[in-house]
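This report refers to the structure that appears directly beneath it.
The values are calculated or read from the model by the stated rules, or taken from the named source; none is laboratory data. No experiment lies behind these values; they were computed from the predicted model shown. For neighbour counting, all protein chains shown are included, and Cβ atoms are generated from backbone atoms with ideal geometry for every residue, glycine included. For the accessible areas, the whole protein counts, side chains as well, though only heavy atoms, and no ligand, DNA or RNA atoms are used. Shrake-Rupley method; radii C 1.70, N 1.55, O 1.52, S 1.80 Å.
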Amino acid sequence: MLIRNMCIDDYDDVISLMQRTPGVTFRDADSRESTSKYLERNPGLSFVARVRNELIGCVMCGHDGRRGYLQHLVVAADHRRKGVASALVERCLSELEEIGIVKTHIDVIKTNAAAREYWERQGWTLRTDIDRYSFVRNGTINA
């Protein structure tokens, strides 16, 4: 398995993996253009995992200067429970720590039981002290 920085050339493979993974949502914000901007804004923080040129996993990572944020940790079903997700997350957390960010968040869709179980097994804590609110300025449902 090779883990390397994600680049926009990985986009089609990443989106294909996301679309065939139950529990993962695809939004307008996941467009090629938006993904390119995200990668440029957060250089060296998002990663893909490949085996013989096949994309088997990905994670996108960014920060606001104080906290890290993970998005779209996805591993192909036939490569799960082999350490792929843990290796991808560790790369993100290590890179964030290098720039002084030691606290990281991830949002998990409430109906995605597999993701919830994964994060809990990894020692991540479900926050019960905050609620996240969202506002879409242009009214687009799939923003």
Which of Y133, Y69, Y118 fluctuates most in a GNM of the chain (C-alpha springs under 10 Å)? That residue is Y133
Build a GNM of the chain with springs between Cα atoms under 10 Å: which of R91, R127, R67 gets the top mean-square fluctuation? R127
Mean accessible area per residue over the stretch 97-143 (1.4 angstrom probe, all protein chains present, square angstrom) is 91
Within the chain, what whole-number % of the accessible surface is contributed by carbon and sulfur, with the 1.4 Å probe and all protein chains included in the calculation? 49
What distance in nm separates the simple spin-label points at R137 and S31, each placed 7 Å from Cα in the Cβ direction? 1.5
Rounded to whole angstroms and listed largest first, the alpha-carbon spread of the chain along its three principal axes comes to 42, 33, 32
May I ask you to list the lysines whose Cα is less than 19 Å away from that of K37, ignoring any residue fewer than eight positions away on the same chain? none
For the chain, just give the cysteines left without a disulfide-compatible partner, judged by no other Cys Cβ under 4.7 Å. C7, C58
